[in-house]
């Protein structure tokens with residue numbers, strides 16, 4: 001089965017989410033995180049994150065999100081554990097936090113929490 005094409009948004013470029021590189025492994029997401037934009041951000045982050053041992057992602061610019069936003073954060077946590085990196089999320093939107101609480105995965109995305117593949 002062919003892989004679906006990834007788009008920035010559904011026909012509205014002004015609604016595209018962006019991953020801004022702030023330098024030194026720090027990033028900020030701005031815009032809505034839906035199925036398409038989260039997939040695009042994930043794809044873009046693969047190359048950007050690979051050269052840093054510690055990554056900080058500020059989600060304060062996310063305007064709208066849901067399960068796709070939560071899935072993106074969980075994917076990053078999994079990546080960090082598999083590649084022995086640290087990742088920290090700042091300003092996690094209430095929509096993501098609520099879904100994480102209901103799904104009992106809130107410990108994984110808790111704002112300011114660090115995740116690493118190194119044993120504690």
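Report, in cubic angstrom per residue, the convex hull volume of the C-alpha atoms of the stretch 45-105. Display every interim value, and only then the final one.
Details: hull volume 5.0 nm³, N = 61.
Each residue corresponds to 82 Å³ of Cα convex hull volume.
Rank the residues 67, 51 as a footprinting-exposure proxy: fewest other Cβ atoms within 10 Å of their Cβ go first.
Values: 67 15, 51 7.
Placing the least packed residue first, the sequence is 51, 67.
Under the 0.36 nm per residue contour assumption, what length would be gained going from the current alpha-carbon distance of residue 105 and residue 51 to full extension? Walk me through the numbers before you get to the answer.
Working: separation 54, 0.36 × 54 = 19.44 nm, distance 2.72 nm.
Value of the extension gain: 16.7 nm.
Could you check the simple spin-label distance between residue 43 and residue 95, using points 7 Å along Cα→Cβ, in nm with one decimal?
Roughly 2.1 nm, to one decimal.
Of all DSSP beta bridges in the stretch 9-82, what percent run antiparallel (nearest 5)?
On the way: 5 of 11 bridges.
Taking every DSSP beta bridge within the stretch 9-82, about 45 percent pair in antiparallel fashion.
Based on the mean of other beta carbon atoms within 10 Å per residue, what is the order of 77-89, 93-105, most packed first? Write out the running numbers ahead of the final one.
Working: 77-89: 16.8, 93-105: 14.8.
Highest mean packing first, the order is 77-89, 93-105.
Show me the ranking of peptides 55-65, 31-41 by mean Cβ neighbours inside 10 Å, starting with the highest. Numbers along the way, then the final one.
On the way: 55-65: 18.2, 31-41: 21.7.
For the peptides 55-65, 31-41, the packing ranking is 31-41, 55-65.
The numbers here are math on the coordinates, done by the rules we state, and not lab data. Given the structure is predicted, the values throughout are model-derived calculations rather than measurements. With ideal geometry, Cβ positions are generated from the backbone for all residues, glycine too; neighbour counts draw on all protein chains shown.
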